[in-house]
Every structure is written in C-alpha cells, then in structure tokens.
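Please treat every number below as a calculation from the coordinates, not as lab data. Note that the structure is a prediction, hence the values are computed from the model and not measured. Neighbour counts are summed over all protein chains in view; Cβ atoms, including those assigned to glycine, are modelled from backbone coordinates with ideal geometry.
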Amino acid sequence: MNPVPSIDRPRLEWDVACRISPGEEISGDLHLVKAFPGGALAAVVDGLGHGGEATLAARAAIDVLTAHTDEPVIRLVERCHAALKPTRGAVMTVVSFDFASNHASALGIGNVETVLIRANRTVVPLRELVLLRGGIVGDQLPALHASDFAVEPGDVLVFATDGIREGFWEQLNVVDSIRQLVNRILAQHFRGNDDALVLAVRYLGESGAKEG
C-alpha cells in the first residue's frame, strides 16, 4: 500500500499490479499517482500496441502529467495530445481529486476502463463507470468533457488497461486491501496477449486512516 501525503496526512492510498505482454521486455502501460496542494491526480496511460514504441508514447504522457499535476483534467489531456503527436499515441484515463470538496473530476480517452466503487452500500449507484470517449491521444481527440462525481472516505477507484478483461469490477469487494484488489484482478482477468495494468486508489478523505 502506497500512501499519498497531503500537507498534514495521507488522503489516498493506492497500489498497482501489472504484467508485460508475452515476448516483450518492457510495458507500454504506465501509471501515476501524485499529490498537489489540495488534491491529487491518478492516471493510467496505455501506449498503443506494446514494446518500446508503446512505452515511449506512454512515458511522454506521464512526463506531462507529472509536470502539470494540479491542472484541470481537460487541460492535461490537451497537453498530452500535443506532446504525443510525434509518437504512435496512447489511450488514457485521468482523475483529479479535490480534497476540500470531496469531489473528483475524470476524463477517459480510449479504453482504460475505470470504475468508482462506493464504500457506503446504500448509495445508488454502488458502482459508477467513468465515461470513456473514443479517440487517440496524440492523433485524434473527441470534444473533451470531464465527468464530476462525489467521493466519500472508503470509496475505491479502479483503473484497468485493455490487457484486463471487461467486467473485472463486477465482483469487487472494497473491504479488501488495495493490494488484494489489484492482485486478484490481474490474476483472474489477465487476457494473456497484451500488456496489462491495474491501479486501485482508495479515497481516505479527512480521516487519513491507513489500512491495517
């Protein structure tokens, strides 16, 4: 479990699991979780294809996100689009948390499937998918519109690249540790023919409580 510190206490905890496409030595699926004053950014980038060229594209996007973490998600995707034009391009989902308002803003281009799972089982809907828009960052973008949603302590956000089978989130239990979640998803839903990455982020809110 990796805590993301704020000024006074961790507000997120996260973990990641990944596998490289058979026959390759490096992965084109990369992630970022980084705090900024008042919030944090979580993102997963999947460079098109696999191997070295996919990694270069994904790394270019991660470098942009790292340098501009506190900007709105639409602006982040626009910056990535400009930076990735010399590359083969990528798909990505970015989520920015605002700790003061307990809200998150999300934008997905391509097929990095991302789902928010509520800790409070009385909330409807219990699971909320981030809307994904067709396109390729670095090649052709659709009209960009961010999705906003409220988050509460204990809620878990899970990202998965297309090396993971669709519907991986249907049986998830948010009481499991973050490490258990990502390892179980990878073990049970890895397609076996592409890079795969699973990132899970638990929102802690004001409590800053850590997993035991």
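Comparing Leu30, Leu126, Leu141, which has the greatest mean-square fluctuation in the GNM of the chain with Cα pairs linked when under 10 Å apart?
In the Gaussian network model the winner is Leu126.
Do any GluC sites (Glu not before Pro) in region 66-165 lie in a DSSP loop with no more than 11 other beta carbon atoms within 10 Å, and if so, which?
Nothing satisfies the criteria.
Amide H to amide H under 5 Å from Glu113: which residues, 5+ apart in sequence or cross-chain, H placed 1.01 Å off N in plane?
Ala160
Return, for the Cα atoms of region 2-203, the radius of gyration and Dmax in Å, separated by a comma.
Rg and Dmax of region 2-203, Cα atoms, are 15.6, 47 Å.
Under the classification rounded if a/c is under 1.5, otherwise prolate if a/b is larger than b/c and oblate if not, where does region 11-96 fall, given a ≥ b ≥ c as square roots of the Cα gyration tensor eigenvalues?
oblate
Using 0.36 nm per residue of separation minus the Cα-Cα distance, give me the extension gain between Asp139 and Ser101 in nm, one decimal.
The span from Asp139 to Ser101 would gain 10.3 nm if fully extended.
So what's the angle, to the nearest 10 degrees on a 0 to 90 scale, between helix 52-67 and the longest Cα principal axis of the chain?
The answer is roughly 40 degrees.
What order do you get for Ser147, Ser96 when you list them from fewest to most C-beta neighbours inside 10 Å?
Fewest-to-most ranking of Ser147, Ser96: Ser147, Ser96.
Gly39's amide H: which non-local residues (gap 5+, or another chain) put their own amide H closer than 5 Å, with H modeled 1.01 Å from N in plane and none for Pro or chain starts?
Excluding prolines and chain starts, which carry no amide H, the hits are Phe99.
Go ahead and set up a Gaussian network model of the chain, Cα springs under 10 Å, then flag whichever of Leu65, Leu41, Leu144 fluctuates most.
Of Leu65, Leu41, Leu144, the Gaussian network model singles out Leu144 as fluctuating most.
In Å and on Cα atoms, what radius of gyration and Dmax does region 73-178 show?
Values for region 73-178 (Cα only, Rg and Dmax): 14.7, 47 Å.
Say we join alpha carbon atoms closer than 10 Å with springs in a Gaussian network model of the chain; which of Ala150, Ala43, Ala54 then has the biggest fluctuation?
Evaluated over the chain, the most mobile residue of the options is Ala150.
To make sure I understand, if each residue's beta carbon is the centre and we count other beta carbons within 10 Å, what order do Asp195, Asp70, Asp29, Asp15 fall in, fewest to most?
With the sparsest Cβ surroundings first, the list reads Asp70, Asp15, Asp195, Asp29.
What are the ³J(HN,Hα) values, in whole Hz, obtained from phi via the Karplus relation 6.51 cos²θ - 1.76 cosθ + 1.60 with θ = phi - 60°, for each residue of region 157-169 in sequence order, with x given for Gly and Pro?
10, 10, 9, 8, 7, 6, x, 10, 5, 4, x, 4, 8
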